[in-house]
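Just below is one structure, and these are the notes that go with it.
Derivation of every value follows stated rules applied to the coordinates shown; laboratory data play no part. As the structure is a prediction and not an experimental result, all values here were calculated from the model. Cβ sites come from the backbone with ideal geometry, for glycine too, and all protein chains shown count toward neighbours.
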2 protein chains.
Amino acid sequence: MSTTPTVEILATPTGLVDCPGFKVSGIAADIRETGDRNRLDLALIVADTPCPAAGVFTLNDLCAAPVQLCKIILENSAECIAGIVVNSGNANAATGEQGLLDAKQMSTFAQSQTGIGSPFLVCSTGRIGRKLPMMRIDAGISDAAQKLSSGTTASQQVADAILTSDTRNKCATAQFEIEGKKITVAGIAKGAGMIEPNMATMLAFLVTDIQAEAALLKTILKNACDQSFNCISIDGDMSTNDSVLLMANGHSGVTLNNSTENLIYKAFASAVLEVCAQLAEKIVGDGEKITKLVELKVEGCLSNADAEKVARAVGNSLLVKTSWYGNDPNWGRLADAAGYARVGLKADSLDIRYNDCPALVKGVPQDDKIQEWQSVVSEPRFTVTMNLNLGAGHYRLLTTDLSEAYVDFNKSE
Amino acid sequence: MSTTPTVEILATPTGLVDCPGFKVSGIAADIRETGDRNRLDLALIVADTPCPAAGVFTLNDLCAAPVQLCKIILENSAECIAGIVVNSGNANAATGEQGLLDAKQMSTFAQSQTGIGSPFLVCSTGRIGRKLPMMRIDAGISDAAQKLSSGTTASQQVADAILTSDTRNKCATAQFEIEGKKITVAGIAKGAGMIEPNMATMLAFLVTDIQAEAALLKTILKNACDQSFNCISIDGDMSTNDSVLLMANGHSGVTLNNSTENLIYKAFASAVLEVCAQLAEKIVGDGEKITKLVELKVEGCLSNADAEKVARAVGNSLLVKTSWYGNDPNWGRLADAAGYARVGLKADSLDIRYNDCPALVKGVPQDDKIQEWQSVVSEPRFTVTMNLNLGAGHYRLLTTDLSEAYVDFNKSE
């Protein structure tokens, strides 16, 4: 055997139960305390036997109580995790000592209600600065523990229960075969505002049936996040609760070793990246009140770090985002933002392309093509390539436009 | 004489002619090529005799042709500047070699039309990436040269001619008396979008009748800019054309020397700062489609630089700005943004006040006061104070909310 196995993406993923050996449930606990008994807002994800897990978390100084707790649990028990308990509708962030006690309570109550002796990881997402309604949380966990299932209905309910302002759930599943055995990586995620991940992002949960140590899972997950969730931006606001978790239950009977040259390693890392990349793109595509998804490629910088600075300056510029919203191929605003990234931009070296159509070549506007740019910028999805022609550094950012509806949507919670 | 003279701010400034020894004119040249013959868009500011001048400019790598030219002129001839020629409606930015030739042509044509042998500084503001309509510029300069005046009508026309998306002109004048002589510092400025100055800002023009060397003027101007224009933000987009210019014609007969302990120095520096601060506040107050002006005070950081990071993260956060627009006292979004500034925020040390009303004390929400915060955030102008309680570093940023109308306004040029 000498070629890396082909990783296949499922055309119609059904959620985490695409991976054997996990049971899930998603129920309505009225965490928002609005009296809505139909909105799913609490989820349990449980491995058939406790197993290794890894996590990547927000870099925000104000990291939420569940993030703090996950870090502690993974430091002490990463090889033996029972599962994950998640609520939406309340972030349990900036909630002080009580917040940490509440997160711990979620974890221990999930243990007692499922009868599993190993710890549960905990995630929350929603409004910052409000105490969790613990009566509802406890009742919800009891309910969810009784409904655990490996069926596709439960799987979709979990994918729905973690959502906040998202308009649809986000699932991705990748598979490959090796030694006659099939390996699956299944993932779900939620967006859709406060999205400017840095080394981690919003909530995403991945499960796999490969056998692997937690440290190795973490390396692979971190690399995949850097190339997927960390390359997207909707509104430039990095959240307090960003968490990506991966659990590996070993049900496939295939063991991952830590040689990066190993074919299993390559295929598995590729499958994790594919799932993360698909989820990341689904998050951007469902960004709050967006009308356009823009793939921004920055090339020709002195370093990849410089290219990232340019991409974030351009991709987060209000004037750039609003011009995209208005179908205005206003390359001057892109050049301005690239200039204030302060990476040594030279006006007479800058190329800008909309899809394949050149708008600026070595600083000279291609005004005869203006109808073409206009038509590209009017599409719901397009690519902008900016080449500074200074070096080989490059970066790719998936970003969005900014609509009046975003402002309206966020003017109150 | 042992106390610094009191600096007085004129209640009804009339523009640059508040300072003796300058003539000005503002005319309509149809720079936007829309056929509008009434919109003022070209201005001349001329010292009765050529005099020292200083400038502070954008740090954007993509600095516009007139900014490049001003730097060259000030390096070579700062002690002997004839005046300033300004157009609005076209930024002459990202216009390549032709742009620099056009800026030079503006400068030399202003010389020939006024018959003055010293160089003119040049400023432009408006859309990026379009060539200047030089026929109209030349005709406009001829017209303006014939209309130079020290009257208040011309003074207001100049203040109007430099505007773009501003809804009103912005003038500020400060005066003090020393040795029986009166010193005046008069200034005008324009905003109102692409405002995230860094060491310089948009366009502002100051004139004074003190006698001073250019190098000394520059020191004082730079200090004043750091404490005024550089502490404001509307949309986080630093412009290609930010320029603040100061001309000193010496008509008062009072000479500035370079001892910072000198009373004249103190009073003059204070007067320049007052004018800059007033203009900066007027720019924020006239930000594109804003409904609220927010004074954001960040205190208790390990350094002033850290406090500035926090202030800019919070003041530029879309989620913070939209919540202010919606009268939503959503302190969680402020805390989140302070957290991603990554200056070591500790959740249980953070205080947040709306005006004098505490919302968060050492991380604990003061929920009994929520009606009060709501009422503060509903006002058109309020102060938010965030104390991280880590050290003595502080920063003050004047910022704004973000409205749906901003998005609508900027979706096309």
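Worth pointing out:
- Principal axis box of the range B:293-410, alpha-carbon based, largest edge first, Å: 40, 34, 19
- Applied to the range A:133-144, the Karplus parametrisation 6.51 cos²θ - 1.76 cosθ + 1.60 on θ = phi - 60° returns per-residue 3J(HN,Hα) values of x, 5, 4, 5, 4, 4, 4, x, 5, 4, 4, 5 Hz, with x for Gly and Pro.
- Shortest first, residue B:362 label-point distances to identical copies amount to 6.6 nm, with the label point at 7 Å from Cα along Cα→Cβ.
- The convex hull drawn around the Cα atoms of chain A, when projected onto a plane and averaged over every direction, covers 20.2 nm².
- Using a 7 Å Cα-to-Cβ projection, residue B:342 label spacings across copies, nm, ascending: 1.5
- Computed from backbone phi, the HN-Hα couplings of the range A:337-347 come to 5, 4, x, 7, 5, 6, 10, x, 3, 10, 4 Hz, rounded to whole numbers (Karplus: 6.51 cos²θ - 1.76 cosθ + 1.60, θ = phi - 60°; Gly and Pro given as x).
- Compared with the dominant principal axis of the Cα atoms in chain A, helix A:96-114 is inclined by about 50°.
- Modelled spin-label separation between residue A:76 and residue A:11, with each label point placed 7 Å from Cα along the Cα-to-Cβ direction: 4.8 nm.
- The range A:64-204: Cα Rg divided by the 2.2 N^0.38 Å rule of thumb: 1.09
- Where labels lie 7 Å past Cα in the beta-carbon direction, separation of residue A:219 and residue A:349 in nm: 3.6
- Per-pair calculated FRET efficiency, R0 = 25 Å: residue B:262 and residue B:303 via Cβ, rounded to 0.05: 0.25
- A Gaussian network model of chain A, with springs between Cα atoms under 10 Å, assigns the largest mean-square fluctuation among A:281, A:299, A:33 to A:33.
- Rounded FRET efficiency, nearest 0.05, which uses the C-beta distance separating residue B:153 from residue B:105 and R0 of 41 Å: 0.90
- Listed pairs A:411/B:362; A:181/A:266; B:297/B:321; A:218/A:309; A:190/B:411 exceeding 18 Å between Cα atoms: A:411/B:362; A:218/A:309; A:190/B:411
- Shape class for the range B:335-384: oblate, because the ratio a/c of the largest to smallest gyration tensor axis (alpha-carbon atoms, square roots of eigenvalues) is 1.5 or more and b/c is at least a/b.
- Legend: calculated FRET efficiency, residue A:291 to residue A:370, from the Cβ-Cβ distance at R0 = 25 Å, rounded to 0.05, equals 0.70.
- Restricting the range B:1-70 to trypsin sites (Lys or Arg not before Pro) that sit in a DSSP loop and have at most 15 other Cβ atoms within 10 Å of their own Cβ leaves B:37.
- Per-residue ³J(HN,Hα) for the range A:61-67, Karplus 6.51 cos²θ - 1.76 cosθ + 1.60, θ = phi - 60°, Hz, x for Gly and Pro: 4, 8, 7, 5, 3, x, 5
- Other protein chain C-beta atoms within 10 Å of residue C-beta, averaged over B:282-291: 0.
- Look at the dipole of chain A built from charges on Cβ: of A:378, A:77, A:12, the Cα furthest out on the positive end belongs to A:77.
- Cα gyration tensor category, rounded, prolate or oblate, for the range B:1-90 with a/c compared to 1.5: oblate
- Amide N proximity, the range B:269-295 versus residue B:379 label position 7 Å along Cα-to-Cβ, cut-off under 12 Å: B:293-295
- Cut-off under 5 Å, modelled amide H: who pairs with residue A:402 long-range: A:322, A:325
- With Cα atoms, 0 to 90° folded angle of helix A:304-316 axis to chain A main axis: 90
- Cα-centred dipole magnitude for the range A:1-94, charges only on beta-carbon of K, R (+1) and D, E (-1), debye, nearest 20: 120
- For the range A:149-188, applying the loop criterion from DSSP together with a ceiling of 15 other beta carbons within 10 Å to the trypsin sites (Lys or Arg not before Pro) yields A:168.
- Distances between equivalent label points of residue A:97 across the copies, with each point positioned 7 Å along Cα→Cβ, amount to 7.2 nm, shortest listed first.
- For residue A:95, the residues 5 or more places off, or on other chains, whose built amide H falls under 5 Å of its own are A:65.
- Partner lysines whose Cα lies under 17 Å from the Cα of residue B:23, excluding those fewer than 8 positions away in the same chain, are identified as B:147.
- Inter-chain Cβ neighbour average for residues B:312-323, partner chain, 10 Å: 5
- Inter-site label distance for residue A:142 and residue A:33 at 7 Å from Cα along Cβ, in nm: 2.0
- The separation of the range B:101-127 from the range B:36-82, counted between C-alpha centres, amounts to 8 Å.
- In terms of its Cα atoms, the protein assembly as shown spans 90, 59, 42 Å along the principal axes, sorted from long to short.
- Measuring from the axis that maps chain B onto chain A, the chain B residue with the nearest beta carbon and its rounded distance in angstrom come out as B:404, 2.
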